[in-house]
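One structure is given here, and the rest of the page talks about it.
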Amino acid sequence: MRRQLIILLALAGVIATSVVAFAAPARNATLNGAATTYDWKGLKQSTTNLAYQHEVEGQLVAGPCQPAASCDDTLLKLEIPAGTEGHELVIDIGATAGPTQDVDLYVYESDDKGVPKAVAGNSGKGAPEAEQVKVKAPKNGFYVVRAVYFAMQDGDYTGKATLNGVAAPAATQTATPVGSATATPTASATATATATATATPAPTVTPAPRPTTSSPTSPIQGQLRSTVKAGKAKLRVAVKRGLALTVGCSVQCRGTLALTVDARTAKKLKLGRKVTTVGKGTFSIPSQGSRKVTVKFSKKARKRLAKAKAVVLRIAAVAETPKRDQRFTARTKIKLKR
């Protein structure tokens, strides 16, 4: 009896975990030749998610959405006629509440419930840039568009999905008589009747031209852009001395650095059961240029990483101008080995 109770409790835990891990999309739409665009407005939130990942070493992760409010999903059903070529799905999103709001874009192939199956594309330029993902020759089926609130303070975003290169179904025309004569008897003539019908040909459907978009390859004068790079390093050296990074800004800036590990690594290292921050640092750059910064690991992380053979670290550098009127986040990752 006790063993059965333990099994039931374990199953209940699995079910509860699955419920927490996935939330139904906030909205859904169908795109086809007759309806090629869909616009929506995201949920208004005050939340941050600095540790979201779409994949690690080629394996689908799609998370975590912690807190749950940091992810806003839109489910799209694509209806594409067989034999269609040269078509494209374009997703555009952008924060609406000011230059410091930051929302990232992830697009996945999914099932009809919106559960991600494979990465179709992602964009994370950082505030205040709008994000765009283009999916070449998308499949007939379902895609989930996930907006991740990297850093949002009482803000929301607008989204638009456009299906290009899919022709609308040809209109069907039915031939109708254009006139008829009814037999009218007369005293000396035989009644006759004539009728003629003309069919209106179906109109030729021309696919709508694809919109062209352009984005600047370099920041305009006075616009904040930041970079972060990690040089070659050994894990055992980084644990003792810290991880050396190079942070750059296009204008005067200051900000914070965070080193994180995913939930699977955190659990393996006994650091927790979710994405965990293992190191923090700050930086300040007085003018355009770059600076080397060493980020120290936390005491608990140093202890756990001392015996690790390898670890993948995600690095986020959040830069702001002195007046805090511009904000930009640069990201990278590095695999350290002993």
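Only the coordinates and a few stated rules stand behind these numbers; no lab work does. Computed from a prediction, not measured in an experiment: that's the story for all the values here. Heads up, the Cβs are rebuilt from the backbone with ideal geometry, glycines too, and the neighbour counts pull from every protein chain shown.
Highest average first, the peptides 42-50, 238-246 ordered by how many other beta carbon atoms sit within 10 Å of their residues are 238-246, 42-50. The Ala26 and Ala118 beta-carbon pair, evaluated with R₀ = 22 Å, returns a calculated FRET efficiency of approximately 0.55.
Here's the picture: a label point sits 7 Å out from the Cα of Thr158 along the beta-carbon direction, and within region 39-56 the residues with their amide nitrogen under 16 Å of it are 39-44. Under the rule of at least 5 residues apart or a separate chain, name every residue whose amide H is placed under 5 Å from the amide H of Asn28. Hits under the 5 Å cutoff: Leu75.
Each part gets one Cα centre, and for region 322-338 versus region 61-127 those centres are 22 Å apart. Computed extension length for Lys136-Glu79: 19.0 nm, one decimal, from 0.36 nm per residue of separation with the Cα-Cα distance subtracted.
The convex hull of the Cα atoms of region 226-337, projected and averaged over all directions, covers 6.6 nm².
The label point for Lys270 and the one for Lys300, both projected 7 Å from the Cα toward the Cβ, are 1.3 nm apart. Computing FRET efficiency as 1/(1 + (r/R0)^6) for Ala35 and Asp325, where r is the C-beta to C-beta distance and R0 is 35 Å, gives about 0.30.
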